[in-house]
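Derivation of every value follows stated rules applied to the coordinates shown; laboratory data play no part. If you're wondering where the values come from, they're calculated on a predicted model, not measured in any experiment. Please note: Cβ atoms are built from the backbone with ideal geometry, for glycine as well, and neighbour counts cover all protein chains shown.
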Amino acid sequence: MIVLDSDIYTEVFNGNPKYVERLDTYPPETQHVTIVTAEESLRGWMGLIRAAEANRAKTSLAHAYELLRKAIEKLGRIRILPFTDEAHEHYLRLKSQKLRIGTRDLRIASIALAHDATLITRNRRDFDIVPSLQLEVWN
């Protein structure tokens, strides 16, 4: 089982052929994102909508909503791993170790640990310090 970190999911979402082709080497049923990545993705599109409403975006409100619609559709095509009680236990244990890693990244790592999954990311610097995390770095 693989879990795409938010940075890799974004590249795939945007159709970057380097990442899409590499992901295609994994069977679709093994590909996952976390609920945290889904949250980050949707937050970004909702932020764009707020900016468009305030005329601070380089896109129209209609286009911003269309991008949100597409994001929701794409998220519906990939398995989303939940933040379970087990993931929360991993999170609390890792947090108590005072690792220098962001909260959302720590939650993503905790979900991957809870599911015994390999996390695919470009962010080696942060995730390398998470004990027992199976990591695959795509550059």
Point to revise | The lone exception for Leu94 - which of (1) surrounded by fewer than 16 Cβ atoms within 10 Å (Cβ to Cβ); (2) farther than 28 Å from Val20 by Cβ it fails | key: (1)
Exercise for review: Please give the number of the condition Glu73 fails out of (1) out of contact with any Asp or Glu (no Cβ under 8 Å at 6 or more places or on another chain); (2) surrounded by 11 or more Cβ atoms within 10 Å (Cβ to Cβ); (3) of a type in the set (Asp, Glu).
Suggested key: (2)
Review point. Looking only at helices (runs of 4 or more DSSP H) that fall completely inside the stretch 1-58, which ones have 3 or more residues that are on the phi < 0 side of the Ramachandran plot and out of contact with any Ser or Thr (no Cβ under 8 Å at 6 or more places or on another chain)?
Key: 17-23, 35-53
Point to revise | Unique residue being closer than 28 Å to Val20 by Cα, touching a residue at least 60 places away in the same chain (Cβ under 8 Å) and of a type in the set (Gly, Ala, Ser) when the list is Ala71, Ala62, Ala112, Ala38 | key: Ala112
**Study point:** Tabulated pairs, the stretch 1-21, first over 15 Å from Arg79 (Cα atoms) and in contact (Cβ under 8 Å) with a residue 40 or more places away in the chain, second in a helix (DSSP H, G or I) and hydrophobic (A, V, I, L, M, F, W, C), C-beta under 6 angstrom, 6+ apart or interchain
**Key:** Tyr19/Val12
Practice item. Tell me, yes or no, whether the stretch 59-81 has at least one residue that is over 13 Å from the mean Cα position of the chain (by Cα), small (Gly, Ala, Ser) and within 16 Å of Asp5 (Cβ to Cβ). Key: no
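Take the residues of the stretch 116-131 that are surrounded by fewer than 18 Cβ atoms within 10 Å (Cβ to Cβ) and under 18 Å from Thr84 (Cα atoms): which is farthest from the chain's Cα centre (by Cα)?
Asp116
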